1. Considering only protein heavy atoms, what per residue accessible area in square angstrom results for the range 317-386 with a 1.4 angstrom probe?
2. Would you give the gap between the C-alpha center of the range 12-77 and the C-alpha center of the range 325-404, rounded to a whole Å?
3. Please check which bits of the range 311-349 a label hung off Thr253 would reach, taking the label as a point 7 Å along Cα-to-C-beta and the cut-off as backbone N under 15 Å.
4. Straight-line reach from Lys189: which aspartates and glutamates fall under 15 Å, measuring Cα to Cα and dropping same-chain residues less than 8 apart?
5. Output ³J(HN,Hα) for the range 79-94: one whole-Hz value per residue in order, computed from phi by the Karplus curve 6.51 cos²θ - 1.76 cosθ + 1.60 with θ = phi - 60°, and x for Gly and Pro.
6. Can you pull out the GluC sites (Glu not before Pro) in the range 299-401 that DSSP calls coil and that have at most 12 other Cβ atoms within 10 Å?
7. Return the sequence-ordered ³J(HN,Hα) values of the range 311-316 in whole Hz as given by the Karplus equation 6.51 cos²θ - 1.76 cosθ + 1.60 applied to θ = phi - 60°, using x for Gly and Pro.
8. Using a 10 angstrom cutoff on alpha carbons, build the Gaussian network for the chain and name the most mobile of Thr177, Thr254, Thr57.
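The values are calculated or read from the model by the stated rules, or taken from the named source; none is laboratory data. All of these numbers come straight from a predicted model, not from anything done at the bench. Positions of Cβ are backbone-derived with ideal geometry, glycine not excepted, and every protein chain shown enters the neighbour counts. Remember, those area values only see protein heavy atoms, side chains included, never the ligands or the DNA or RNA. Shrake-Rupley method; radii C 1.70, N 1.55, O 1.52, S 1.80 Å.
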Amino acid sequence: DDEACAAAEYPAACAGSCEQPDECNESCDVTKAHFTTSVSDDSGSSFPYFYSSTYGTDLYTKNEAIENIVIVSHGGARNGFEYMCYMQNSLLIQKYSSCQNTLVIAPQFYVCQTDTDDYCDDAATTGLDDDLSLQLDGSELYWKWNSGWMKGDSSTSDLDERISSFTVYDELLEHITDTSLWPNLKTVKMAGYSGGAQFVQRYMLGGAGHDALTKAGLDVDVFIGSPSSLAYFDDKRPVLDDCDEDIGYCDATTVAATSFSFATPSDDAVAACDDYNEWRYGVDELNTYMSAVDSIDDAIANFANKNITYFACSEDTCNESLFDETDGCWKDCDSSGMDEACQADLQGNCRYQRLHAWYQYVDDYFDGKHSQTILDVEVAHEGCRAWQSDIARPLLFGDCDSPYSASTTNVVA
């Protein structure tokens, strides 16, 4: 293990400072591989994912050293390779002698946003080179819109066969239970940030993979960071106070101290946003995958039993469209692509408030009888800094085992 760490591209990070770096470590060597789904044989399209070229292996190579698998979901930017690096480098800050015991993988949901039903001819991705971008030869699954994969919709009809993004995860997690590949595997951790957090929260409600892992005797922990919106269980939403111009909207101290109440939105609010409770935001008008769930009531009840930690980013407090510049509550800020639709705004004025309100809703809905918690992380909408924070690392990887102290170790940004 020590030799592997010494050979790493960023050996200082591998030395494990045990402290959150001043600047986030975003770089690493990645390899793209492909997972065979139930539609791959008929469609010729497989599901891409990324792993560390230095530390990882693909999902078909036996590895007796692996005790922990971390699956990290990218956000709306669809930059799975970067999220793989965020999480891999978080591991390397936290671990030294046991850095080879954890496998980090980052599934990749590609999107091709075209205005017609024609076959995709533009990957519509930013900053990706040819090796990492969607391959346009039909060999890789992709979705038509970002909102589709985030809520379990089926892959594009451009390809010969379609598959729900939730079914992809069902099959991926079932594959992970194969003891011939990972005979010493003990824990699986699923993490999602931003759009990935939306995906993971909704998947935890309806997806079958979590139960497959627990039935195989594996411990499962889930981490959800700074989503734009969540799927509520009924038609109630948080009752939001009017903005106080003296402190503005989404003041972090005020939000954290607020005890939310929940009620059906007013008649005027419903008239202006009559689909606020449809799937993605609520459980009305479910899509094909969710409609096939045996009982949505049972799925909701089972949600309480899942070990979920919510990371609320206390500087993620912007909503550019909430007020105009003439309003006393307006502030000059960047929403970082936050969902500003009416359905999302009914859940809160910013991501930080939405997640705190959601956690209180869960606590209220289940009368305090659940396995979930919420923690504040002092970052803005920054997945890299969130996953490499002092809050997240111990929960993801356990106590730091580095023989090095922060004073003798520099983490390369």
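1. Values: 3060 Å² over 70 residues.
I get 44 Å² per residue for this part.
2. Each part reduced to its Cα centre gives a spacing of 24 Å.
3. Correct set: 315.
4. Lys189 reaches Glu67, Asp170, Glu174, Asp211, Asp219, Asp221.
5. Whole-Hz 3J(HN,Hα) from phi for the range 79-94: 9, x, 5, 6, 5, 4, 5, 3, 6, 4, 6, 4, 4, 6, 6, 8.
6. Passing both the DSSP loop test and the Cβ count: Glu325.
7. For the range 311-316, the Karplus curve yields 9, 9, 8, 6, 9, 9 Hz.
8. Maximum among the listed residues: Thr254.
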